[in-house]
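A short write-up of the structure that comes next.
Only the coordinates and a few stated rules stand behind these numbers; no lab work does. It should be emphasised that the depicted structure is a prediction, and the values quoted were computed from it without experimental measurement. For neighbour counting, all protein chains shown are included, and Cβ atoms are generated from backbone atoms with ideal geometry for every residue, glycine included.
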Protein chains: 2
Amino acid sequence: MKAPEKGSWTMRPIGHIGSPYRAAEEVPRGPGARHETAGTLDILPAYEAGLKDIEGFSHLFVLWLFHQAATHDLVCIPPTDSRPHGVFSTRSPRRPNPIGLTVVRLIARRGRRLAVKGVDMIDGTPILDIKPYLSSVPESALTRGWVSEAEARSQARKRP
Amino acid sequence: MKAPEKGSWTMRPIGHIGSPYRAAEEVPRGPGARHETAGTLDILPAYEAGLKDIEGFSHLFVLWLFHQAATHDLVCIPPTDSRPHGVFSTRSPRRPNPIGLTVVRLIARRGRRLAVKGVDMIDGTPILDIKPYLSSVPESALTRGWVSEAEARSQARKRP
């Protein structure tokens, strides 16, 4: 699926997100935001055969488009902090390639519609790919840089 | 970054993978394949500012291009099994949108080069995006469908 221009690639949706969120501002963000929201992955008829055996997986990676992001910033201040960070250290929608990544829990499949929990995309978001979630990095092995520091500062501010 | 054609998006590399693997056939695959291979994420000078504060994260998601995949199959037989599965239930390179996803461990940053462990891409693979790995699904909550079944069949065949 190479694009006409050398060194660039053209992506097309394989389906769309069904979500209760109508605008990006409605999606919960910041420290402590839980993503248990129910939604759907509605796959286009042309790609339905690609869902074979997906029912067996409890969790899926969903790759999707920040289709409303018009441009990108290399450094940004995320909603979880008051300090600037590099875009590749954040989940900012304003990325050089505007691809989002969300882990969802698969609840049920009905034909080419997957009922899932954990959506943080807005309704109608184009889906680029779905992959099985096969293994995890143990929480004990994870270091989360500025995110942990921002959470600690936020907690400190809340203390009386 | 909208493409000229309505409903499609154009992606461009932000950098390239440095890897000891020169061809896809060299990358270890199948049940029990461990991915501890050392490599680099070499980010283009134009995007270096986007790496600010990335040193603080132990693990990163790397989104990259299966740049050698010319077409896609909706159903395929993966190297880990002898049975066909839908492409969205597998990590096959022959996907409608040929995007790969790998979790790597960040070892060190030297300017716009990130030394990492866990590469399963070939040398020169274009990188589309890097995101911080922030949390894991507990292994106890994971179900891995046909992958577990194929592993069980493989183990059963190995028994005397």
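Kirkwood-type hydrodynamic radius, chain A: 17.5 Å, calculated from all non-identical alpha-carbon pairs. Over the protein assembly as shown, the hull volume per residue, using the convex hull of the C-alpha atoms, is 147 Å³. The C-alpha atoms of chain B define a longest principal axis, and helix B:145-158 lies at about 50 degrees to it.
Report, as an integer, the average count of C-beta atoms from other chains found within 10 Å of each Cβ along A:102-108. Numbers along the way, then the final one.
Numbers: counts 0, 3, 0, 2, 2, 0, 0.
Mean number of neighbouring Cβ atoms from other chains: 1.
Under a 5 Å amide H cut-off, with hydrogens placed 1.01 Å from N, B:Leu128 pairs with B:Ile14, B:Leu63, B:Trp64, B:Leu65 among residues at least 5 apart or on other chains.
Could you work out [θ]222 nm for chain B from helices alone, using -39500 (n - 2.57) per DSSP H run of at least four and dividing by all its residues? Round to the nearest 500 deg cm²/dmol. Result for chain B: -3000 deg cm²/dmol, rounded to the nearest 500. One Cα centroid belongs to the stretch A:51-109, the other to the stretch B:74-143; the line between them spans 15 Å. Under a 5 Å amide H cut-off, with hydrogens placed 1.01 Å from N, A:Val119 pairs with A:Thr37, A:Gly39 among residues at least 5 apart or on other chains.
Stretch A:Arg22-A:Ala115 to full length: gain in nm at 0.36 nm per residue minus the Cα-Cα span?
Answer, rounded to one decimal: 31.7 nm.
Pull out the extension gain between B:Ser140 and B:Ala33, defined as 0.36 nm times the separation in residues minus the alpha carbon to alpha carbon distance; nm, one decimal. List each step's numbers first, then the result.
On the way: separation 107, 0.36 × 107 = 38.52 nm, distance 2.08 nm.
Gain on stretching B:Ser140 to B:Ala33: 36.4 nm.
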